[in-house]
Amino acid sequence: MKRSAVCKAGAASLSVLYFLTNCALVGAVERNSIQSRKNDGSTTVFASLPARVSTTIPRLAGPAVAAPLPDLLSRLPASLGTVRSVARQATGAAVVYIQDVHKNEEAQRRISDAVRALIDGGADLIALEGASGPIDVSAFRSSAFPESARRAADGLLADGRISGAALGAILAGREARVIGVEDPALYDANVAAVREASRSEKNARLRLDTRRRHLSDEKAEAFSPALAAFDALVQSYRAGRMGIGAYAAAVAQGAQAVPTNVTNFLEAAR
């Protein structure tokens, strides 16, 4: 029984450390990215390709990009984001995949600036999620009152009516095609699934609470005092009663070996 408890404790420790280093801390970095950008008062630095990527990429042809990939990415100020990876495509087309926080005006404005820079740098096609088929922004771009059109588009972004990518296409110095790439049938099916799940949420939460109580009773019978204390720590973090910094410090304190990225995080959080 003691050996079983030790094995359980070791497995739980390894599981939490894996979660901490591969999920929790990664999420914390993503959540803090907007604030860190806001606090960055340095001068503009332009993005560059990762050192491991050859810059001898041939000129890319086709409707997606008219400029070579290194030239295209060099148009992006580093303050707008990070180039995570670059991969060659057999078709020769370049795809710049932009990820950021949804429903956050600051993040969407940075996407707008990035898309605008890419279009001005040679990108000819902007593909958007949440829409299907061609998206016509010519009414804004060809308005006889450009300043009013710009302010109207800016207001739509502030109200969450258009995305940062759409605003970037409107404000860019050159024209680019904008299309929605969602499959309407799959999109509608996903919306229906979310609505159905929301209707059954109350009953699902009741069933989940019942299962949690049963699990808590089983833990009380099976866990050793040390494992029970460790589990209480984990549950406190998951319930939001403990911050990521305190949680990381507590887990690291009981670990035999602490990964370097966790140590760096703890030092930065002090």
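Read-outs throughout are calculated quantities, based only on the coordinates presented, and are distinct from any laboratory measurement. None of the values given here were measured: they were computed from a predicted structure. Note: ideal-geometry Cβ built from the backbone for every residue, glycine included; neighbour counts use all protein chains shown.
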Quiz item: Can you list the HN-Hα couplings for region 178-186, worked out from phi with the Karplus curve (6.51, -1.76, 1.60; θ = phi - 60°), rounded to whole Hz and with x for Gly and Pro?
Solution: 10, 9, x, 10, 6, 7, x, 5, 5
Self-check item: Under Karplus coefficients 6.51, -1.76 and 1.60, residue-wise ³J(HN,Hα) of region 192-209 in Hz, glycine/proline x
Solution: 4, 5, 5, 5, 5, 5, 5, 5, 9, 4, 4, 5, 5, 5, 5, 5, 5, 4
Self-check item: Neighbour-count order for 175, 218, fewest beta carbons within 10 angstrom listed first
Solution: 218, 175
Practice problem: Calculate, axis by axis, the spread of Cα positions in region 203-270 along the three principal axes, and write the results as whole Å, longest axis first. | Solution: 42, 28, 16
Quiz item: Remind me, what semi-axes does region 183-222 give for its equivalent ellipsoid, largest first in whole Å, using sqrt of 5 times each Cα gyration tensor eigenvalue?
Solution: 35, 11, 4
Quiz item: Dimensions of region 172-242 along principal axes (Cα, Å, largest first)?
Solution: 66, 34, 18
Quiz prompt | Gap separating the Cα centres of region 97-115 and region 229-264, nearest whole Å | solution = 31 Å
Practice problem: Step through the residues of region 228-234 one at a time and calculate ³J(HN,Hα) from phi using the Karplus curve (6.51 cos²θ - 1.76 cosθ + 1.60, θ = phi - 60°), rounding each to whole Hz and writing x for Gly and Pro. | Solution: 5, 5, 5, 5, 4, 5, 4
Quiz item: Which residues does a label at residue 215 reach in region 223-240, if reach means a backbone N under 18 Å from a point 7 Å past the Cα toward the Cβ?
Solution: 223-224, 227-240
Practice problem: Subtract the Cα-Cα distance of residue 132 and residue 267 from 0.36 nm times their separation in residues, and report this length gain in nm to one decimal. | Solution: 44.0 nm
